[in-house]
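Okay, structure first, notes after.
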Amino acid sequence: MSSSHDKDTRIIKPLKYTLLIILTTLIMGTSFPVGKIGMLYAPPFLLMGIRYILAGGLMALFLRKRPLPTGWQSWLKIILIGLFQSAGVMGCAYYSMNWITSGESAIITFTNPLLVIILSALLYRVTYRFSQWIGVILGFIGIMLTFGWQMSFSPGTWIGFGGAISFAASTLLIKRWGNGYDTFVLTAYQMLAGGAALLLLSVWTEQPHFMVNTTSVLALLWLTLVCSIIQFSLWFYLLQNSDPAQTSSYLFLAPFFGVLSSWILLGEHVQWFALAGGLFIGVGIFLVNRRSSRMRNSVT
């Protein structure tokens, strides 16, 4: 990457950056088994719509004294981010599960880092070394190994890929527009926009119902407070203060953490290939970030 682009990719100190990335991807991973539990008591669009409306509403309430964006264009950008980030990604991911497994959906969704690098190269003329491209490919292979290399092609495959494209688009939009907003205000109102869209989808495509019991309420609270408010705040903060392609490369950790959390929460057995996938993921992340570290040393 060019040195001028790289100068703004490490505003966060390396140790803090690493810890926040691990925490964020760990939270992302837990959303799969917890969401699977929640879907026993509510259809997916309704569950996610409630999740984002509650999360966005709570954040908006706590942030009511902070200045809000002015002008319809500023609000339109927030709505677009919400439609891509909250509604598009999760809407496609969960709807795709009508045809494919949750593991396959996760594999497809988290091809986002590869798409971010491709779009960054095409739209912004950002250049990456060959080793970085190899790193992304190895990371993708690691995800496939993590889930046992079981992929199928069906309508769900293409719907899931639509979610990955939506994820990549929202990543670049946040990097392009995010610095003009308060991180938490952006987080809150994009979730409200995405949640509203998901509730409309639920009314049109589902028979909305929510079975209230201890398990369903706890699942909804985890998805709302941890997987929405905390996760999005951390994710947007990282994107605004780093190279989006580099940061997105760490999303390869999310499905790996999903396997581990599924083992803990659902008792799903962890196979040897999950550990092998973790090794590929680690090597891929190292290759993607190796040049950036070298260039930081040369700049400083």
Those residues that are in contact with a Phe, Trp or Tyr (Cβ under 9 Å, 6 or more places away or on another chain), assigned to a helix (DSSP H, G or I) and over 20 Å from S216 (Cα atoms), I need them from the stretch 47-70; list them, please. M59, A60, F62
Only residues that are assigned to a helix (DSSP H, G or I), open to solvent by 20 Å² or more (accessible area, probe 1.4 Å) and at pLDDT below 80: list them for the stretch 71-103, please. M97, N98, S102
V283: at pLDDT 80 or above, outside any helix (DSSP H, G or I), surrounded by fewer than 20 Cβ atoms within 10 Å (Cβ to Cβ) and not acidic (D, E), yes or no? no
Among the listed residues G35, G29, identify the single one that is in contact with a Ser or Thr (Cβ under 6 Å, 6 or more places away or on another chain), modelled with pLDDT under 90 and either assigned to a helix (DSSP H, G or I) or closer than 25 Å to M211 by Cβ (or both). G29
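The values are calculated or read from the model by the stated rules, or taken from the named source; none is laboratory data. Please read all numbers here as calculations on a predicted model, not as lab measurements. With ideal geometry, Cβ positions are generated from the backbone for all residues, glycine too; neighbour counts draw on all protein chains shown. These accessible areas exclude ligands, DNA and RNA; they are computed on the full protein's heavy atoms, side chains included. Shrake-Rupley method; radii C 1.70, N 1.55, O 1.52, S 1.80 Å.
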